[in-house]
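This report refers to the structure that appears directly beneath it.
Laboratory data are not the source of any read-out in this text; all were calculated from the coordinates shown. Treat the numbers as computed from the prediction; the structure is a model and nothing was measured. Glycine also receives a Cβ, built like all others from the backbone with ideal geometry; neighbour counts cover every protein chain displayed.
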Amino acid sequence: MIRKPKGEVSDDAVSPPIGDLALLPAPVAKIRDKILAACETGDVEALRIPIDWNETRPLFARSGAFKAGTDPIEILTRIRRMNSDFAVQFRHLWHHFQKVRLV
């Protein structure tokens with residue numbers, strides 16, 4: 001669920017993108033490191049910790065593709081089985097996180 005701010009939102013409410021990873025807030029840096037470590041292993045189960053740390057569960061499939069409340073690791077595992085290119089996509093995700101500009 002997306003939290004909507006109460007009242008007026010000023011332009012100051014949105015921060016500019018952070019290009020220097022050393023400036024990331026500690027919790028953001030920690031979850032980024034966990035995602036990168038999980039991607040390096042290629043083990044889908046290793047993504048459980050960063051997924052669980054997230055305030056809101058990320059969506060890994062279109063609405064209705066899986067029953068509500070399905071374990072996200074189960075979803076990723078099933079997608080992996082269905083998609084022979086998953087390893088390539090997983091490596092692409094890892095490379096993406098290596099050079100992404102975090103907002």
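With the simple model of a label 7 Å out from the Cα in the direction of the Cβ, A22 to L93 spans 3.0 nm. Net charge of the neighbourhood of F60, taken over other residues with C-beta under 11 Å away and scored Lys/Arg +1, Asp/Glu -1, is +2.
Modelled label positions at R81 and L59, each set 7 Å beyond Cα in the direction of Cβ, lie 2.4 nm from each other.
Work out, step by step, the length gained on full extension between D43 and V14: first 0.36 nm times the residue separation, then minus their alpha carbon distance; give nm to one decimal.
In short, 7.0 nm is gained.
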